[in-house]
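Only the coordinates and a few stated rules stand behind these numbers; no lab work does. Since this is a predicted model, take the numbers as computed values, not measurements. Using ideal geometry, Cβ is built from the backbone for each residue, glycine included, and neighbour counts are taken over all protein chains shown.
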Amino acid sequence: MRTHYCGELNQQHIDLQISVCGWVNRRRDHGGVIFVDLRDKKGTLQVVFDPDDAAMFADAETLRNEFVLRVEGKLRIRPEGTNNPEMATGEVELLAQRLEILNASETPPFQLDEEDVHDDNRLRYRYIDLRRPEMQHRMQLRARVTHFLRSWLETNEFLDIETPMLTRATPEGARDYLVPSRTHAGSFFALPQSPQLFKQLLMMSGMDRYYQIVRCFRDEDLRADRQPEFTQLDIETSFMGEDDIMNLMESMMRGLFADVMEVEVEGPFLRMSHQEAMERYGSDKPDLRIDLELKTISDVLKDVEFKVFSGPANDPQGRVAALRVPGGNELTRKEIDDYTDYVGRYGARGLAYIKCNDVSQGREGLQSPILKFLPDEAIEAILQRTGAATGDLIFFGADKASVVNESLGALRLKVGQDRGLVEPGWRFLWVVDFPMFEHDEREDRWNALHHPFTAPATDDPDALAADPGGMLSRAYDMVLNGTELGGGSVRIHNMEMQQRVFELLGIGEQEAEEKFGFLLTALKYGCPPHGGIAFGLDRMVMLMAGANSIRDVMAFPKTQTAACLLTQAPAPVSERQLRELSIRLRKPQAES
C-alpha cells in the first residue's frame with residue numbers, strides 16, 4: 001500500500017511518485033489550501049491538498065485527527081521560507097494526487113501532543129497513547145535492546161530455553177499468583193516469580209549456559225518500578241565463579257550501550273561491598289552520580305548529654321550519621337521543614353541540622369537549635385569529619401541504623417536532585433559481599449537476604465550454622481544510576497549445604513521435601529557448581545529511555561492496584577466456570 005514511510009522522505013526523493021500511509025496528526029486549512037501532517041512509526045510528513053482537484057479536496061476537508069489515510073503524490077521541495085527545522089522531513093512535502101480514507105476516527109479522548117493527560121486515560125486508551133512518537137520510540141528501543149541481548153548471548157553460546165509458566169507455589173518472598181486446576185480439583189498451579197529453580201535444574205541437566213527473556217509474576221504492592229507481571233533477562237552458567245560471571249555480564253552491558261545508545265561505558269565496573277555502600281550512601285543501590293556521602297559520627301557523640309544523639313550512638317543497633325550539603329546554608333526554614341517531613345516517610349523522627357555561616361569562627365559561625373547541647377570538641381570533630389565549609393549545611397540522622405540508612409539515603413537522593421547535583425552520564429556499580437541472612441526481630445528468625453539457594457562464602461555447613469549473622473554470601477547486584485538492574489549469585493550445589501540453609505530459615509525437613517523435594521533429589525545426581533543473574537529488562541529500558549516508570553516502557557501495563565483499565569481485568573467469571581474448577585464463592589451472610 002505504500003512505497004515509503006513518512007519519516008524517511010527527504011530531498012533525495014524529490015519528483016518521485018510516493019505512496020504513504022498513516023494517521024492524521026494535524027490538519028490546517030490555509031486560504032483554500034489544506035495541509036495535513038501525516039504520521040507513521042518513522043515520523044511525520046506534510047501533505048498538501050490543492051483545490052484544483054475538487055473531489056479530492058472535498059474529501060480532504062472532512063479529515064480530522066487520527067483518520068487513517070493512504071496518499072499518493074509527487075514529493076517536492078517546500079516553498080522558500082516554509083521549512084520546518086523541527087521536523088526531519090521539514091524541507092519537503094507531498095503534493096497529493098490521490099487520497100484514500102482507509103478509516104475515520106471519532107474525536108480521540110486526548111490529543112497526542114497533549115502534555116497533562118491523566119495516567120488512567122493513557123492506560124484506558126493505551127492503543128492511542130502508544131501512537132505518540134515518544135511511546136513509539138520507547139517500544140522501538142525495547143525491541144532493539146532485546147534483539148542485541150539475544151544476539152550477544154547466543155554468540156557467547158547461551159541457549160534460549162523456555163521454562164514452565166504453570167508450576168508449584170514455593171516461598172520466594174512475594175505472594176504467588178495462583179491458578180486453579182480443573183483436572184486436579186482443589187489443587188493449584190502458581191505463576192512463576194522467577195525461573196530460579198528450573199534454571200538451576202537446567203545446569204544439573206548439562207545445558208551449561210542458559211538464558212531466557214521471560215515473564216515473571218509477583219502479587220505484591222506496586223510502585224514506580226514494580227508491576228504484577230514483568231520481564232526478566234534470566235541467565236545461568238555452569239563451572240563459573242562470581243568473578244567470571246560479573247566480568248561476562250560487564251562485557252554484555254558495555255556492548256549493549258555501545259550498540260543501542262552509542263555510549264562507550266568504561267570498565268571494569270567499580271565494585272563495592274554491601275557494608276561500604278550502606279555506610280557511605282545508606283543504600284545497597286547507591287547513585288554514584290551524586291557526590292554526597294553519609295559520615296558516621298556515633299563515636300563522636302557517645303558521651304554528649306543530648307540523648308537524641310547519645311542514645312543511638314551507644315546502641316549496638318544504632319547509628320548517628322551526618323550528610324553535608326554543599327551550599328546548603330541558603331536553604332530556607334520551610335525547605336528544611338519540607339525535608340524533615342520527607343525523611344519522616346522513612347521512619348525518621350526528626351531532622352537536626354547545622355548551618356555553617358563561617359566555619360573559621362568555630363561555634364560562633366554556626367547556626368542550629370542543637371548547638372547548645374554539643375561541646376566544642378564534638379562540633380569540631382563533626383566539621384572535620386564531614387569536611388564542611390563556609391556556606392554548607394549538615395543534616396543529621398540518629399536512630400536504629402536501618403532507619404538512619406533509609407531516611408538519610410533517601411534524603412541524599414532528593415537533595416542531590418533538588419539542588420542539581422546529579423552528574424550526567426552512566427555510573428555502573430557491582431555491590432558484593434552481601435550478608436547471607438537478615439534477622440527478623442519480631443519473629444526472631446533468619447531470612448535469606450537474596451533467596452534460599454544463594455551459596456554462602458564457605459563450603460562448611462557447620463561454619464555457616466555457627467555464625468549465620470556474620471556469614472557473607474556469594475551474591476552480587478549490578479546497579480546503574482541508583483537502580484538495581486540485576487541480582488545474582490553463585491548457587492548452592494551441595495545437598496547438605498542446601499538442607500542446612502533451609503534449617504536456618506526455619507524450613508523443616510518435611511516442608512523442604514514437600515516444596516523443594518525435586519531440587520533436593522536433583523542435587524544427589526552430580527550437580528555442577530553454577531551461578532547466574534537476572535536482569536529487570538523493564539528497568540533497564542526505563543533507564544535507557546529516560547522514563548520515570550517501567551509502565552512507560554511496557555506496551556500494556558497494569559495500574560498501581562494491579563488492574564488493566566484497557567480490558568477491565570481482573571473481572572468476575574461465571575458460576576459455571578467456577579464449578580468446573582471446583583470453586584465455590586462464600587456468599588455474605590444476611591444481616592440479622
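Here are a few things to note about the model shown:
- Between N494 and E377, the contour length at 0.36 nm per residue exceeds the Cα-Cα span by 36.7 nm.
- At an R0 of 30 angstrom, the distance between the Cβ atoms of E154 and V263 translates into a FRET efficiency of 0.80.
- Contour minus Cα-Cα distance for T559 and Q510 (0.36 nm per residue): 13.7 nm
- Simple point charges give the picture: +1 on the Cβ of Lys and Arg, -1 on the Cβ of Asp and Glu, and for segment 10-151 a dipole about the Cα centre of about 860 debye.
- With coordinates expressed along the principal axes, the C-alpha atoms belonging to segment 470-592 extend over 56, 47, 31 Å, beginning with the largest.
- Two-site label geometry, R26 and E441: point separation in nm, points 7 Å out along Cα→Cβ: 6.0 nm
- The Cα atoms of segment 118-218 give a gyration tensor whose axes a ≥ b ≥ c have a/c of 1.5 or more with a/b no greater than b/c, which makes the shape oblate.
- For the listed residue pairs K558/K587; K42/K74; K285/K414; K307/K414, the alpha carbons are over 23 angstrom apart in K558/K587; K307/K414.
- Dipole check for the chain: with +1 at the C-beta of Lys and Arg, -1 at the C-beta of Asp and Glu, and the Cα centre as origin, the magnitude is about 1380 Debye.
- Extension gain for E162-R215 works out to 18.0 nm (0.36 nm per residue, less the C-alpha to C-alpha distance).
- Fraction of alpha-carbon pairs over 16 Å apart in segment 6-103 - percent: 49 percent
- If R0 is 25 Å, the Cβ-Cβ spacing of Y5 and V33 corresponds to a FRET efficiency of close to 0.55.
- Segment 89-167 versus segment 284-354: alpha-carbon centroid distance in Å: 44 Å
- Against the chain, whose longest principal axis comes from its Cα atoms, helix 401-418 is set at around 30 degrees.
- On Cα atoms only, tilt of 495-504 relative to the major axis of the chain in degrees: 80 degrees
- Kirkwood hydrodynamic radius of the chain, from inverse mean 1/r over distinct Cα pairs, in Å: 28.7 Å
- Between helix 333-344 and the chain: long-axis angle, C-alpha atoms, 0 to 90°, nearest 10: 80 degrees
- Peptides ranked, highest mean first, by Cβ atoms within 10 Å: ranges 499-505, 272-278: 499-505, 272-278
- The simple Förster model, with R0 at 41 Å and r as the Cβ-Cβ distance, assigns F239 and T567 a FRET efficiency of 0.35.
- Database remark: amide H of R26 closer than 5 angstrom to the amide H of D37 (H placed geometrically; neighbours at sequence offset of 5 or more, or on other chains; Pro and chain starts carry no H).
- Rg/Rh for segment 290-422 stands at 0.93; both radii use Cα atoms, and Rh follows the Kirkwood definition.
- In this rough spin-label picture, where each label sits 7 Å from Cα along the Cβ direction, the A58-N314 distance is 9.5 nm.
- Segment 244-277 and segment 370-440 have Cα centres separated by 26 Å.
- Inter-label distance for H184 and R98, nm, one decimal - labels placed 7 Å from Cα along Cα-to-Cβ: 6.1 nm
- Residues of segment 421-454 with an amide N closer than 19 Å to a point placed 7 Å from the Cα of T483 along the Cα-to-Cβ direction: 421-431.
- Counting charges near I18 (Lys, Arg +1; Asp, Glu -1) among other residues having Cβ under 9 Å from its Cβ returns a value of +1.
- Think of each Lys and Arg Cβ as +1 and each Asp and Glu Cβ as -1; about the Cα centre, that makes the dipole of segment 223-285 roughly 300 debye.
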